[in-house]
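All remarks here apply to the structure that follows.
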Amino acid sequence: MSLLVVGTVAFDAIETPFAKTDKIIGGAATYICHSASFFSKNINLVSVVGEDFPNKAINSLKEKGVDVKGLQIKEGRKTFFWSGKYHNNMNSRDTLKTELNVLEDFDPIVPKQYTKSEFLMLGNLMPSVQKRVLEQMQERPKLIVLDTMNFWMDNFMPDLKEALKNTDVLTINDDEARQLSGEYSLLIAAKKILTMGPKYLIIKKGEHGAILFGEDKMFYSPAVMLENVIDPTGAGDSFAGGFIGYLAKTKEITFDNMKKAVVYGTVLASFTVEKLGIESIENIEEEKVNKRLAEIRSVVSF
């Protein structure tokens, strides 16, 4: 099994009602890789950072089995930086600052040894960059999962719709599903999005769980009930990493197995929100994961 992850490795500065931090390690691909590493030690990374990015953070990825030959380090340049402030309900936030830096002209060069990866996770990036990665694959991966956000819908909708044509699974939140489809009902929105190319759609609903659509079926996973939510940043990326990591490990691409993958993604995302940045997702313990899986089973059993 080989999993290729493409996305941002970055710096974040976060403020929530419960905590505040200066510049820390973040980025979609960072969360995805740490989460997916719970299932796999054969992860390939394609991303870009500046010379200001610490080696310690790169070595942390290596220790999780992440191959970083595809991580470009640009001398004399700065790493992508995002700063945001969350509202009291933690479901909405304001972007305070975005500095694209090395992402401004990022050309995702996929090393030859990655071009036959069986599973591909296209993290939240400009749709044209996601498409450029697909064009470099020697063989079509068994499963292509794509994540996106409203910013790309606002500014690059035609490019996004083009990228969706070659996608197996799309992961977005409920607001993004409504924007992409132009429909308020999530059920109608899902049906419309599934005509755009993806075979499966996952709508993430934060503290209210996630919904999987596909094969004329629907599956809902509740979120893990938590006493403390400190920082939601990266929760969706951790979800995606757990989702594709489980599928890459089991190699069974069916709706029933995706249901299990959604639950695992939900559980791994629950750890991310309990601490700032990647602190929690970097140190996941199997015993705690199994305990939260059991909690979800007890909630949905009747």
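How many residues does the stretch 252-302 contain that are hydroxyl-bearing (Ser, Thr, Tyr) and either assigned to a helix (DSSP H, G or I) or touching a residue at least 60 places away in the same chain (Cβ under 8 Å) (or both)?
The total comes to 5.
Could you tell me which numbered condition residue 299 fails, if it satisfies all but one of (1) over 27 Å from residue 8 (Cβ atoms); (2) crowded, with 18+ Cβ neighbours inside 10 Å?
Result: residue 299 fails condition (2) only.
Hey, can you tell me all the residues within the stretch 96-150 that are assigned to a strand (DSSP E or B) and under 27 Å from residue 41 (Cα atoms)?
Selection gives 119, 120, 121, 122, 143, 144, 145, 146, 147.
With the structure loaded, tell me whether residue 61 is modelled with pLDDT of 95 or more and over 30 Å from residue 22 (Cα atoms) or whether it fails that test.
For residue 61, the condition - modelled with pLDDT of 95 or more and over 30 Å from residue 22 (Cα atoms) - is not met.
Residues are listed down the side, and each one gets a yes or a no for (1) in a loop (DSSP other than H, G, I, E, B); (2) small (Gly, Ala, Ser); (3) surrounded by fewer than 18 Cβ atoms within 10 Å (Cβ to Cβ); (4) more than 16 Å from the chain's Cα centre (by Cα):
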site	(1), (2), (3), (4)
5	no, no, no, no
18	yes, no, yes, yes
22	yes, no, yes, yes
34	no, no, no, no
38	yes, no, no, no
52	yes, no, yes, yes
62	no, no, yes, yes
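Confirm whether residue 229 is closer than 21 Å to residue 93 by Cβ and not charged (D, E, K, R).
yes
Test residue 67 against the stated conditions and say whether it is part of a strand (DSSP E or B), over 19 Å from the mean Cα position of the chain (by Cα) and free of Cβ contacts under 8 Å to residues at least 60 places away in the same chain.
No, not satisfied.
Which of the residues belonging to the stretch 201-221 are at pLDDT 95 or above, closer than 23 Å to residue 291 by Cβ and not in a strand (DSSP E or B)?
none
Name, by its number, the condition in (1) surrounded by 24 or more Cβ atoms within 10 Å (Cβ to Cβ); (2) of a type in the set (Asp, Glu); (3) modelled with pLDDT of 95 or more that does not hold for residue 256.
Just one mismatch for residue 256, condition (1).
Taking the condition of being under 19 Å from residue 94 (Cα atoms) and acidic (Asp, Glu), how many residues in the stretch 7-60 meet it?
The total comes to 3.
Just to verify a result, which residue in the stretch 185-197, among those that are out of contact with any helix residue (DSSP H, G or I) (no Cβ under 6 Å at 6 or more places or on another chain) and not in a helix (DSSP H, G or I), is farthest from residue 257 (Cα to Cα)?
Out of the qualifying residues, it is 185.
The values are calculated or read from the model by the stated rules, or taken from the named source; none is laboratory data. These figures come from a predicted structure and were not determined experimentally. Quick reminder, even Gly has a Cβ in these numbers, built from the backbone with ideal geometry, and neighbours come from all protein chains shown.
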